[in-house]
1. In the range 158-169, is there at least one residue being of a type in the set (A, V, I, L, M) and under 21 Å from the mean Cα position of the chain (by Cα)?
2. What residue, of GLY11, GLY57, GLY37, GLY24, is part of a helix (DSSP H, G or I) and modelled with pLDDT of 50 or more?
3. How about the range 179-198: which of its residues are at pLDDT 90 or above and over 12 Å from the mean Cα position of the chain (by Cα)?
4. Go through the range 159-170 and give me each residue that's touching a helix residue (DSSP H, G or I) at 6+ places or on another chain (Cβ under 6 Å) and either farther than 21 Å from CYS214 by Cα or of a type in the set (A, V, I, L, M) (or both).
5. When you scan the range 234-253, how many residues do you find that are of a type in the set (Phe, Trp, Tyr) and closer than 29 Å to SER193 by Cα?
6. Given the structure, is PRO192 farther than 17 Å from ILE105 by Cα and not aliphatic (A, V, I, L, M)?
7. Please pick out the residue among ALA145, ALA202 that is in a helix (DSSP H, G or I), surrounded by fewer than 22 Cβ atoms within 10 Å (Cβ to Cβ), at pLDDT below 95 and in contact with a Ser or Thr (Cβ under 8 Å, 6 or more places away or on another chain).
8. Could you check ARG159 against (1) closer than 24 Å to ALA236 by Cα; (2) at pLDDT 90 or above and say which number it fails?
Amino acid sequence: MTRRLHGCLFGITLGLILTLSEFGMTLNAKEVETDQGAMHELGAGHDGHVSGSQWEGSPEGKAYSEFNHHVAGGLVVLIGLAELAGALGWSRMAWARSLLPVAMIGGGLLLLIWSDHEAWPIGHMSFSQTYLGRDHEIVQHKIYAILSLSLGTIEWLRRSGALRHVAWRMLLPAFALVGGLMLFMHSHGAHPSAHKIALHHAAMGALALLAGSCKLASVQGTVMPGEIRVSRWELAWSGLVLAIGIQLLFYSE
C-alpha cells in the first residue's frame, strides 16, 4: 500500500512537472514580449523606472546575477552533502545535522540583502517598493528569502530536539514543492537571455518538485534525533538537491 502511494505521488509529480513546464514557458514568453514592448516605449530599467541604461542583460547585471546564483549553488551543494550524510546514517555527526539549517539561513540572508541591486536595503527602492511593488522578480526573490530564513530556523530547532512533532518534518518537502512551483512562474522580464534563463528555472523547478516528492515520501512517523534509517527516498532527495546545487554553480546568462 505504501509503495503504491509513493508510486502514485511520483507519477502525479511527473505529470505536474510536464504540465507546468509547458505553461511556465508559455507564460514567460508572453511576459517577455510585454516587458520588451514596455521597455522599448518607456526606456525603463528593471525596476520600472525610466533610466538611461538598462541593468538587465548588461555585463554588470549578468555578473551580479551569476555571482548570486553561484553562491546559492555552493550553499545548496552543502545542503545536499549534509542530507546525503543523513541518508547514509552519518547524521549523528553534529555538522551534518546543522549544515542544512545554517546553509538555508545563510542563503536567506543573501537573498534578503543582495538578491537585486536596486532593491531595499542596498538599492534606491524603498522597503514598500521592494516588497509591495509591481516587480514580480524582486518580490519572488524576497519571498524565497523569507521562506528560507523561516525554514532554516525551524529545521535548526527540529534537529536540536526542540520541535519533535512529525508535522514539523513536513515543512522541508513542502518548501521544495512550493519553491519548485514558483520557479516555473519566475521570469527575468526583458532580459536578452530570458528564454535561456527560463529553461534554467524550469529545470530547477522540475528537480525541486521531484526532490520534494521524494522527501515527502520518506516522512514516515516520528524519527528521534540520532536515529539511523537509510532510505532510498532520502538518497533520491539528497541526490536531487545536489543536482540543483551543481546546476546553480554552472548557471549563466
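The values are calculated or read from the model by the stated rules, or taken from the named source; none is laboratory data. All of these numbers come straight from a predicted model, not from anything done at the bench. All Cβ positions, even for glycine, are placed from backbone atoms using ideal geometry, and neighbour counts span all protein chains on display.
1. Initially, the range 158-169 is screened for residues of a type in the set (A, V, I, L, M), giving 162-163, 166-167.
Okay, now just the ones that are also under 21 Å from the mean Cα position of the chain (by Cα), so none.
Looking through the range 158-169, none of the residues is of a type in the set (A, V, I, L, M) and under 21 Å from the mean Cα position of the chain (by Cα).
2. Of GLY11, GLY57, GLY37, GLY24, the one residue that is part of a helix (DSSP H, G or I) and modelled with pLDDT of 50 or more is GLY11.
3. Correct list: empty.
4. Listed by number, the list holds a single entry, LEU163.
5. Number satisfying all stated conditions: 2.
6. So PRO192 passes the test.
7. Result: ALA202 is the single residue among ALA145, ALA202 that is in a helix (DSSP H, G or I), surrounded by fewer than 22 Cβ atoms within 10 Å (Cβ to Cβ), at pLDDT below 95 and in contact with a Ser or Thr (Cβ under 8 Å, 6 or more places away or on another chain).
8. (2)
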